[in-house]
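Following: one structure in structure tokens, then a few remarks.
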Amino acid sequence: MQIRLMISLAMASTMLFAVVCPDSVAPVSASDGPVITADKELQFPAQYREWVYLGSGVDMSYNTKEDASDHSMFNTVFVNPSSYRVFMKSGTWPDGTALVLENSGAVHGGEHQASLNRHGLTQTGEIMGLEVHVKDSSLPGGWGFYSFDGMKAARIIPQAAPCYSCHQQHAAVDTTFVQFYPTLLAVAKDKATLSKAYVSEMVEGTKK
């Protein structure tokens, strides 16, 4: 009888723990997201290619004049998984979000490195640049940009840099270019979190 009572109490305790501590509030792994050093540098996010893929562009430029570059690049964006899950539920980014922009080489069809491809572009393993956009409530404006040279830690780009004002003026959600990430744009529209600046810009664009 005593053994049965102990088993019953153990089962009840387990059920109570399941109710009080559901999986939805499990703590996020410390490795999921940006790591700022004591010197206020951002550590290189070595596992970023295991993060959530948001979208890609080819030879993207925000300049009105045509880019005179003699090479092509893929522009690919990843975000840390826990922040992605929050966005999918709320249409907003939590503090600690890190979006990685990877600029990599591209090979035109018909070139030797393109193998059997004869048209279009294929991506190469050459990393031509890597930038990270971090949401940090301790920073002016709540966000910071970091540009990496190899895998060593990077210092924050000064707030006077044009990337900050560009994102503030044109980004679809919370200074991030969600307009270029199809799955997130649909969520932002549904949750009504699109910025007024972006909505106005799109309205003006339809009038031209």
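Condition (residue is part of a helix (DSSP H, G or I), closer than 18 Å to R49 by Cβ, modelled with pLDDT of 95 or more and in contact with an Asp or Glu (Cβ under 8 Å, 6 or more places away or on another chain)) applied to segment 71-81: is it met by at least one residue? Within segment 71-81, one or more residues are part of a helix (DSSP H, G or I), closer than 18 Å to R49 by Cβ, modelled with pLDDT of 95 or more and in contact with an Asp or Glu (Cβ under 8 Å, 6 or more places away or on another chain). The set of residues in segment 123-158 being among the acidic types (D, E), in a strand (DSSP E or B) and at pLDDT below 95 consists of E126 alone. Only a single criterion out of (1) surrounded by fewer than 17 Cβ atoms within 10 Å (Cβ to Cβ); (2) among the small types (G, A, S); (3) more than 16 Å from I36 (Cβ to Cβ); (4) modelled with pLDDT of 95 or more is not satisfied by G110, namely (4). Residue count for segment 159-208 under the criterion of being in a loop (DSSP other than H, G, I, E, B), in contact with an Asp or Glu (Cβ under 9 Å, 6 or more places away or on another chain) and surrounded by fewer than 16 Cβ atoms within 10 Å (Cβ to Cβ): the result is 0.
Total residues in segment 148-193 satisfying the condition of being touching a residue at least 60 places away in the same chain (Cβ under 8 Å), in contact with a helix residue (DSSP H, G or I) (Cβ under 9 Å, 6 or more places away or on another chain) and on the phi > 0 side of the Ramachandran plot: the figure is 1.
Here is a yes/no grid of residues against (1) more than 17 Å from the chain's Cα centre (by Cα); (2) modelled with pLDDT under 95; (3) under 18 Å from G150 (Cα atoms); (4) not aliphatic (A, V, I, L, M):
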residue	(1), (2), (3), (4)
D32	no, yes, no, yes
L42	no, no, yes, no
A46	no, yes, yes, no
R49	no, yes, yes, yes
V52	no, no, no, no
D59	yes, yes, no, yes
Y62	yes, yes, no, yes
K65	yes, yes, no, yes
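The values are calculated or read from the model by the stated rules, or taken from the named source; none is laboratory data. Here the structure is a predicted model, which is why all the values come from computation and not from measurement. Cβ coordinates were reconstructed from backbone atoms using ideal geometry, including for glycine residues, and neighbour counts include every protein chain displayed.
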